[in-house]
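Novice: Can you read through this structure? Questions will come right after.
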Amino acid sequence: MKSFLKKTPLLVTGVLLAGGAFAQTSPDPNYVKPFSGIDAYRTWSVGVNAGVMTPYSIFQGKDDFINPGVDLGYGAYIKDQLLPSFGLQLGFMGGKVSANNSRSGDFSSYHTDVRYAFDISGNVTLANISWMNRQNAIQPYLTAGWGLATYRPSFTSTGGGTSVVNHTITNGYIPVGLGVKIGLTSSINFDLGYTVNFIDGDNLDGYNYGATNDKFSYAHAGLEFSLGKSSKPQLARHNPVASMQSEYLMDEARLQAAQDAERARNAQLRADLDATRGDLAATKNALNQTNANLARFTMDSDNDGVPDFLDKCPNTPAGTKVDGSGCPLPVTPVRQPDVKVYVTEQDRAIVKEAIKNLEFDFNKATIREHSFASLDKVAQLLIDKGFNLKLAGYTDNVGSQSFNLKLSKDRAESVKSYLVSKNADASKIQAEGYGKEHPIASNKTASGRQTNRRVEFTLF
């Protein structure tokens, strides 16, 4: 009892330290084990935004109108983040574009109703990996893509008359933009962006002037909502460097806890060793006395392995196998090995002929009479040589699966019954049906289907 109480604190210490090794968790709530699959992150998001549209852009040239206007624009998108720094998004945009004073002097102003514009763009995140912060609050990005815009312009001549294009115009356009996203919560980002849209035409303002195509820009602010479980981090905002650091810290903590537990176990072993040494000394003395007592019981005069005081048959000849009482064991005769029976080419020819001549009534398991002679030879072969036989029935692909399985099984059983009726050993014949499985010819032709309707014989 005293020895147990002495060991108890060491045992408790080892358990606590070992338990701590498995209680380590990541200090980072956005931790994802390095090299995890895409399912560990949230990749889909939707965004809505609003802002201003204007013919003015950072790519200035000789626009058709001199004084650009500023009008309301709006948009939305859905995005799939394919990689930590790259995503594809489908965007929508609408609003108005206007300007005053045409360079030709013919028009005083125009305004164009951008009914809708759809585009697909690549979105490149520039700074989701940081060596300074566990997670960057600000993420700049670039976008580029292609889309289709439908719009309807109207313009006012210098004389005061207003004309409206009496049909909508649809043109392709190339959106090129940049922006920055600011993480507000784990699921919401604030989005500030600027896009220049290059129209594949010179009719955004309703008429063609000059040698360059029209363009307009859209500056917006909006919100992006990440879809999926909030317990998963956004892939675009995830910093793999932080996860690798967390993995390193957890491994270091686990290693330290395991080391402390090992030290506690070593201390326990030393205490056990000290307690055991005293017991070993007393045990050694007892063993010496026991060995002296056993010596007189180990004498074996005839060397048959049984001590003399137990030997009921003393003086047995050398090399004789004896039982526990020292008496000779009965001799067991050696069993001769079974003679193997081999399948010859002549045997195979008999089976091959039976397969060739075997025919059944249509959609039945009834064997036709002209097949009996070949089957009689197979039955006699089984009787003479004691072969085992496996019968495997097959059909073509006409009919249902259940019907074909039953028909192929019934035909194999019919062949077995006939062979047994000719005195073949039923226990050595196995009959199975496989339906339309394992065709040996195409089921697209009549001859192929005929070939597939068969019963295969296998001797062994």
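The values are calculated or read from the model by the stated rules, or taken from the named source; none is laboratory data. Bear in mind that the values here come from a model prediction, so they are computed numbers and not experimental data. Note that each Cβ is placed from the backbone with ideal geometry, even for glycine, and that neighbours are counted across all protein chains shown. Heads up: the accessible areas ignore ligands, DNA and RNA and are worked out on the full protein's heavy atoms, side chains in. Shrake-Rupley method; radii C 1.70, N 1.55, O 1.52, S 1.80 Å.
Novice: Kindly provide the set of residues from segment 155-170 that are assigned to a loop (DSSP other than H, G, I, E, B), open to solvent by 80 Å² or more (accessible area, probe 1.4 Å) and either in contact (Cβ under 8 Å) with a residue 40 or more places away in the chain or among the polar types (S, T, N, Q) (or both), ordered by number.
Specialist: Selection gives Thr158, Asn166.
Novice: Could you figure out which of (1) touching an Asp or Glu at 6+ places or on another chain (Cβ under 6 Å); (2) open to solvent by less than 30 Å² (accessible area, probe 1.4 Å); (3) modelled with pLDDT of 95 or more isn't true of Tyr110?
Specialist: (3)
Novice: What's the number of the only condition in (1) within 30 Å of Arg152 (Cα to Cα); (2) free of Cβ contacts under 8 Å to residues at least 24 places away in the same chain that Phe216 fails to meet?
Specialist: Condition not satisfied by Phe216: (2).
Novice: Another question, if that's okay. Residues to consider are Lys232, Lys284; find the one that is in a loop (DSSP other than H, G, I, E, B) and modelled with pLDDT of 80 or more.
Specialist: Among Lys232, Lys284, only Lys232 is in a loop (DSSP other than H, G, I, E, B) and modelled with pLDDT of 80 or more.
Novice: Under 7 Å by Cβ, and 6 or more places apart or on different chains, what pairs join a residue from segment 326-353 that is closer than 30 Å to Pro307 by Cα and open to solvent by 80 Å² or more (accessible area, probe 1.4 Å) with one that is modelled with pLDDT under 90 and outside any loop (DSSP other than H, G, I, E, B)?
Specialist: Leu329/Val322
Novice: Inspect all residues belonging to segment 238-247 and state whether any of them is open to solvent by 70 Å² or more (accessible area, probe 1.4 Å), over 19 Å from Asn123 (Cβ atoms) and either assigned to a helix (DSSP H, G or I) or not β-branched (Val, Ile, Thr) (or both).
Specialist: Within segment 238-247, one or more residues are open to solvent by 70 Å² or more (accessible area, probe 1.4 Å), over 19 Å from Asn123 (Cβ atoms) and either assigned to a helix (DSSP H, G or I) or not β-branched (Val, Ile, Thr) (or both).
Novice: Looking only at residues that are among the polar types (S, T, N, Q) and over 37 Å from the mean Cα position of the chain (by Cα) in segment 387-414, which one is nearest to Gly433 (Cα to Cα)?
Specialist: Result: Ser408.
Novice: Sticking with this structure for a sec: Name the residues in segment 40-66 that are under 15 Å from Gly193 (Cβ atoms), part of a loop (DSSP other than H, G, I, E, B) and open to solvent by 40 Å² or more (accessible area, probe 1.4 Å), would you?
Specialist: Ile58
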